[in-house]
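Since the structure comes first, as structure tokens, the remarks are kept for the end.
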Amino acid sequence: MSDDTLSRIRGAFFGMAVGDALGAPVEFMMPGEIKARHGILREMTGGGWLRLKPGQVTDDTDMSLCIARGICAGNGWDITRIATEFASWLKTRPIDVGDTCRRGIRNFMLHGQLETPPNEWDAGNGALMRMVPVAIYTVSDDALLHRCAIEQAHLTHNHPLSDAACVCYGKMLHLAISGASRNRIRREVNLLAEEFPNFNFEPYKGLATGYVVDTFQTVCHYFFRAKGFEECVVATVNQGGDADTTGAIIGGLAGAYYGFESIPGRWLKKLDRSVAKEIEDLALSLVK
Ligand SMILES: [Mg+2]
């Protein structure tokens, strides 16, 4: 792989983690509340409802690391090993776990369940937020991406809108990693919106909730509008709502698109040390 491709892969994983850490302190806040407190939030302040340390990440990054560990620990894709990593993580009593994720992981722990049954309430963003390692592992193989995206999603979320968003975001990451233009990436979103018009993000409604459609629209709105990694992530997290997850998802995409070097050094410096070390170890191992 070229140096450029490797930079985009590292950019995706590190970008996801810094987006999570930047957005988490303003999770559940309204844009006006963020403005009153921070002006524009551009620094890793820590705090928020989870009382985070500056640079601390949340479940979005934690679960992505679980998937990466599950892939790298053995010979490639093994959904049971990924579920086992989720279970080990849940046992550490993480500061934040979404209800749908918790239910799916508990059903694996108690009953060995690897596929949660279809559920109309499963259209949250919990499966989408951990797609970065899946896209890196399946890079250049869209059929494999499709299978792995759905399998990992169904550990906790089984809903057509979540499935469609996971696959589309994975394809967008593949394109970004391969150096495709924003217009080319945009075509993938247009195809998704043809099948599921809910995902149409123009005009942008300004909703950044945990509903996968709102999350996806927010990420697309800012990715196709803002220029540069920092601007994409800053604009997205200042929209508030599920800001750690929108931050993680745009961070992954913008990191893949603009490359590792585009991520502000001051954010990387603040990023939790053990998380940064593990990403450094795993990001490129996913494509070996
Ligand atoms: Mg989170």
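The values are calculated or read from the model by the stated rules, or taken from the named source; none is laboratory data. As the structure is a computational prediction, the values presented were derived from the model and not from experiment. Note that each Cβ is placed from the backbone with ideal geometry, even for glycine, and that neighbours are counted across all protein chains shown. To get the accessible areas, we keep the full protein, side chains included, count just its heavy atoms, and leave off ligands, DNA and RNA. Shrake-Rupley method; radii C 1.70, N 1.55, O 1.52, S 1.80 Å.
On the basis of being of a type in the set (A, V, I, L, M, F, W, C), within 15 Å of the ligand (Cβ to nearest atom) and within 24 Å of TYR169 (Cβ to Cβ), does LEU52 make the cut?
no
Are any of the residues in the range 13-33 in a helix (DSSP H, G or I), farther than 24 Å from GLU151 by Cα, charged (D, E, K, R) and more than 16 Å from the ligand (Cβ to nearest atom)?
There is at least one residue in the range 13-33 that is in a helix (DSSP H, G or I), farther than 24 Å from GLU151 by Cα, charged (D, E, K, R) and more than 16 Å from the ligand (Cβ to nearest atom).
How many residues does the range 251-280 hold that are in a helix (DSSP H, G or I) and either over 19 Å from GLN56 (Cβ atoms) or among the small types (Gly, Ala, Ser) (or both)?
Final tally of qualifying residues: 14.
Name every residue in the range 60-76 that is of a type in the set (Asp, Glu) and open to solvent by less than 10 Å² (accessible area, probe 1.4 Å), in order of residue number.
ASP60
For the range 227-242, check the following and say yes or no: at least one residue is over 18 Å from the mean Cα position of the chain (by Cα) and modelled with pLDDT under 95.
Yes - at least one qualifying residue is present in the range 227-242.
Select from the range 55-76 the residues that are away from the ligand (no atom under 16 Å from the Cβ) and in contact (Cβ under 8 Å) with a residue 60 or more places away in the chain and list them in ascending order.
Correct list: ALA68, ARG69, ILE71, CYS72, GLY76.
Starting from residues that are assigned to a loop (DSSP other than H, G, I, E, B) and at pLDDT 95 or above, keep the ones in the range 136-159 and report whichever is nearest to GLU115 (Cα to Cα).
Within the range 136-159, the match that is nearest to GLU115 (Cα to Cα) is LEU155.
Against the condition modelled with pLDDT of 95 or more and closer than 17 Å to CYS166 by Cα, how does VAL97 come out, does it pass?
Taking the combined requirement at face value, the residue does not satisfy it.
Out of (1) among the small types (Gly, Ala, Ser); (2) open to solvent by 20 Å² or more (accessible area, probe 1.4 Å); (3) closer than 23 Å to VAL139 by Cβ, the odd one out for GLY210 is which?
(3)
Over 19 Å from LEU144 (Cβ atoms), without any contact (Cβ under 8 Å) to a residue 60 or more places away in the chain and either small (Gly, Ala, Ser) or more than 16 Å from the ligand (Cβ to nearest atom) (or both): is that true of ASP3 in this structure?
yes
Quick one: how many residues across the range 77-92 are within 20 Å of HIS154 (Cβ to Cβ), open to solvent by 10 Å² or more (accessible area, probe 1.4 Å) and either outside any helix (DSSP H, G or I) or more than 16 Å from the ligand (Cβ to nearest atom) (or both)?
Looking only at that region, the number is 8.
Only one of these conditions is not met by ALA36: (1) away from the ligand (no atom under 16 Å from the Cβ); (2) touching a helix residue (DSSP H, G or I) at 6+ places or on another chain (Cβ under 6 Å). Which number is it?
ALA36 satisfies every listed condition except (2).
Cβ-Cβ under 7 Å, sequence separation 6+ or interchain: first residue in the range 28-46 and within 17 Å of GLN56 (Cβ to Cβ), partner open to solvent by 50 Å² or more (accessible area, probe 1.4 Å) and of a type outside the set (A, V, I, L, M). Which pairs?
From residues that are within 17 Å of GLN56 (Cβ to Cβ), the pairs are PHE28/TRP49; MET44/PRO54; MET44/LYS270; THR45/PRO54; GLY46/LYS53; GLY46/PRO54.
All but one of (1) closer than 21 Å to PHE13 by Cβ; (2) crowded, with 22+ Cβ neighbours inside 10 Å; (3) acidic (Asp, Glu) hold for ASP122; which doesn't?
Single failed check for ASP122: (1).
I'd like to check something: does the range 94-106 contain any residue that is of a type in the set (D, E, K, R) and more than 27 Å from THR209 (Cα to Cα)?
no
Going by what's in this entry, would ARG106 be described as within 16 Å of the ligand (Cβ to nearest atom) and of a type outside the set (S, T, N, Q)?
Spelling it out, it is not the case that ARG106 is within 16 Å of the ligand (Cβ to nearest atom) and of a type outside the set (S, T, N, Q).
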